[in-house]
1. Being among the hydrophobic types (A, V, I, L, M, F, W, C) and crowded, with 22+ Cβ neighbours inside 10 Å is the filter; apply it to segment 189-203 and report the residue that is farthest from T228 (Cα to Cα).
2. What about S341, is it closer than 24 Å to A482 by Cα and of a type in the set (G, A, S)?
3. Looking at S429, S406, S365, can you tell me which residue is at pLDDT below 95 and not β-branched (V, I, T)?
4. Cβ contacts < 9 Å: first residue in contact (Cβ under 8 Å) with a residue 40 or more places away in the chain and within 18 Å of V77 (Cβ to Cβ), restricted to segment 276-287; second residue hydroxyl-bearing (S, T, Y) and not in a helix (DSSP H, G or I), any location; separation 6+ or different chain. Result?
5. Of the residues that sit in segment 86-121 and are hydrophobic (A, V, I, L, M, F, W, C) and at pLDDT 90 or above, which one is nearest to R448 (Cα to Cα)?
6. Which residue pairs have Cβ atoms under 7 Å apart, sit 6 or more places apart or on different chains, and have a first residue in segment 202-220 that is outside the structural domain of V138 (by TED's automatic domain parsing) and in a helix (DSSP H, G or I) and a second that is surrounded by fewer than 24 Cβ atoms within 10 Å (Cβ to Cβ) and not basic (K, R)?
7. Among the residues of segment 141-195, write down those that are within 28 Å of the chain's Cα centre (by Cα), outside any loop (DSSP other than H, G, I, E, B) and among the hydrophobic types (A, V, I, L, M, F, W, C).
8. Scanning segment 299-326 for residues that are within 26 Å of S344 (Cβ to Cβ) and free of Cβ contacts under 8 Å to residues at least 40 places away in the same chain, which turns out surrounded by the fewest Cβ atoms within 10 Å (Cβ to Cβ)?
Amino acid sequence: MTTYVVIGGGVSGLAAARVLAGECPAGDRPADEIAGAATTAPAGGAGGGGAAAHGGTSGASAHVIVLEASDQLGGKVRSGRIGGEPVELGPDQFLRRDPSAERLCRRLGLGDDLLPPSALSAAVFSHGTPRQLPAGLVLGVPTDLDALAASGIVGPEAIEYAHEDPERPGRAIDLADVGLDGSSDTGRERSAGAVLRPRLGDEIVDRLVDPLIGGINAATVDGLSLGTVAPQIARALVGHRDVIVPLTRVAPRAAVATPVASPFLGLAGGLARIVTKLGAELRNLGCDLRLGCPALALTSTGSGYLVDTPGGQISADGVVIAVPGPVATRLLEQVAPQAASALSTIAYSSVAVVTYVFEPGAVASLEGWSGVLVPRVEGALMTAVTFLTKKWPWMEHSGRPLVRVSAGRHLDDRIAALGDAELARELASDLERFTGIDATRATANVHRWTQAFPQYAPGYAARITTARRALAEAPTLQLAGATLGGIGIPACITSGEHAALAVLAASAARQ
């Protein structure tokens, strides 16, 4: 019997395991695109895609083992209870642009519980007060300067500078500038900040673009690859000198009386229900889910791999590594040292979230807003606040408002120097400063995510290209997860499925 080992029981690993066990992937990208993205076996093996993957190397003919170092599945997807109230401890929503997460939920029987966030808008703190985000934004980049001017987020000089963008001289942006040229040269790409600041000006970038793109990635736009974190923006800008005009083609537009559908979805009861359903499905498929069982080492046997675990050695015909970069680096040191070297250069940042539970009737939100972003230029510890029970009414069971405050950015280590009680007090102070909400009497719960966010710096795609090329000679060994350039749940599901299909295709090609 063929044995496949998935190292890592987060969403990426679970998605990989279900495909290895014979289930159809939730994604819908063509087989040749999947094969190219995953650097699989020769085209003759990968070209069969799902058909090859399900033609004798999966389902009942395969034994799938998932190794998870912690005592629970799901990775960063965690739901729980604080003060008796249901709450998300990790991500609370996912993007619909990649349909894999939504489709997977429907296949798991969770479709009826998918819901968009409440019809409230977000705000950004600027010039002394929270201000509503204007219409026409593409991940924080403005395309409607009249709406931006009306918001008051930036001053008239910034608006005037942005208006002059189409006439401002400069060379056209090329693929290498934004990391979309497929090169393994890490020195050619410019950061998102370096691309956007000359065109939009510092104030717009600092007070609008950075809180969104930077905040999502626990980073700053001056240290991020535009092609990795916002490929739709990067692609739209290629061949143009300016920024605003090209992006008007991808900006959300709607007729008057036809509201734009939310690009996000959440899940009533918490996103961890996806993990619970996946775990049950995998057990029904005969998968062996081993919790508290890390992979200690990985070696090649020529025709397969040996995986060392605390419970003994496992012989595997194929392996998917779906763990954070530092762990993946260690596991690859013997079997693919060049890939390990490429991954070892990736930095990670830590974040923390403090959820405050207020008594019924306490003022714990700003009317009409689901949350407030705090720009880095404010110098605050707090990066954002989410009014959870306003955004997700399913969390409000007993009238006790829930407010989540986030902190942590790359190269900002202040959260690490604070104990949980100190962190809760500091963020309560920031919460009052930026929203006027007094949390001194609220119950606080601190949850830390250490080294959780890969930093998608310029040259990131080139590093991943180098790692994949180094693994090309071992097509039954694949990488998956946020390390490959996508921190969202859909990106992780897609990467896990692609990795599994590549392993299955390579296995089929060997037979």
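1. L200
2. yes
3. Values: S429 fails: at pLDDT below 95; S406 fails: at pLDDT below 95.
The match here is S365.
4. The qualifying pairs do not exist here.
5. Restricting to residues being hydrophobic (A, V, I, L, M, F, W, C) and at pLDDT 90 or above, the top hit is F94.
6. none
7. Here is the first cut: in segment 141-195, the ones within 28 Å of the chain's Cα centre (by Cα) are 141-144, 148, 153, 173-195.
From what is left, the residues that are outside any loop (DSSP other than H, G, I, E, B) are 141-142, 148, 175-178, 191-195.
Across segment 141-195, the qualifying residues are V141, L148, L175, A176, V178, A192, A194, V195.
8. G302
The values are calculated or read from the model by the stated rules, or taken from the named source; none is laboratory data. Everything quoted here is computed from the prediction, not taken from an experiment. Reconstructed Cβ throughout: ideal geometry from the backbone, glycine too, with neighbour counts over all protein chains shown.
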